[in-house]
Amino acid sequence: MGEGALQDRVAYVRKLTGKPVVCVGRFTSPDSMLGQLKRGVVDLIGAVRPSIADPFLPTKVRGGRLEDIRECIGCNICYAHDFRCSPLRCTQNPTMGEEWRSG
Ligand SMILES: Cc1cc2nc3c(=O)[nH]c(=O)nc-3n(C[C@H](O)[C@H](O)[C@H](O)COP(=O)(O)O)c2cc1C
Ligand code: SF4
């Protein structure tokens, strides 16, 4: 799926509720995240695989270090490992799961 592939469905859900709405679906770039928020499609951005590819994504957005973000490419190797009950791996972040080592 491409970036933000679920947005039309979520925009429909957004019309049906006054409660906060969060959506996933390959929001890999800060621009597309901001676009969703500005258009009122969602109140919160969900980022599952983008957070595996770069667990420091929110910190980098906050600090304006957008060029440093390691973007998820949607290859689903992480999910394939999870599905087989194996430790996760990420093609873009070979040290994923090791963040604790650097505090
Ligand atoms: C490693 C991994 C494990 C997941 N496990 C679950 C799960 O147990 N239940 C679930 O509803 N979705 C699960 N998902 C799907 C995510 O919740 C999410 O819908 C999906 O990754 C798309 O969002 P994203 O583009 O932000 O990654 C998993 C995704 C990944 C990558
Ligand atoms: S393995 Fe692929 S899909 Fe999973 S987080 Fe890394 S780049 Fe994204």
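Things worth noting here:
- Spin-label model distance (nm) - W100 vs D8, 7 Å beyond Cα toward Cβ: 4.3
- The chain: angle of helix 7-16 to the longest principal axis, Cα-based, in degrees nearest 10: 50
- Taking other residues whose beta carbon is less than 14 angstrom from the beta carbon of C72, and scoring Lys, Arg as +1 and Asp, Glu as -1, yields +2.
- Per-pair calculated FRET efficiency, R0 = 30 Å: R89 and V61 via Cβ, rounded to 0.05: 0.75
- Proximal lysines to K60, defined as alpha-carbon separation beneath 27 angstrom and excluding residues fewer than eight positions away on the same chain: K38
- Under 13 Å from a label point set 7 Å out along the Cα-to-Cβ vector of V48, the amide N atoms of the stretch 4-37 belong to 6, 23-27.
- Only aspartates and glutamates eight or more places from K19 in sequence, or on another chain, were considered; those with a Cα closer than 12 Å are D43.
Throughout, read-outs are computed from the coordinates displayed, never taken from laboratory work. This one's a predicted model, so the numbers in the text were calculated from it and none came from an experiment. Please note: Cβ atoms are built from the backbone with ideal geometry, for glycine as well, and neighbour counts cover all protein chains shown.
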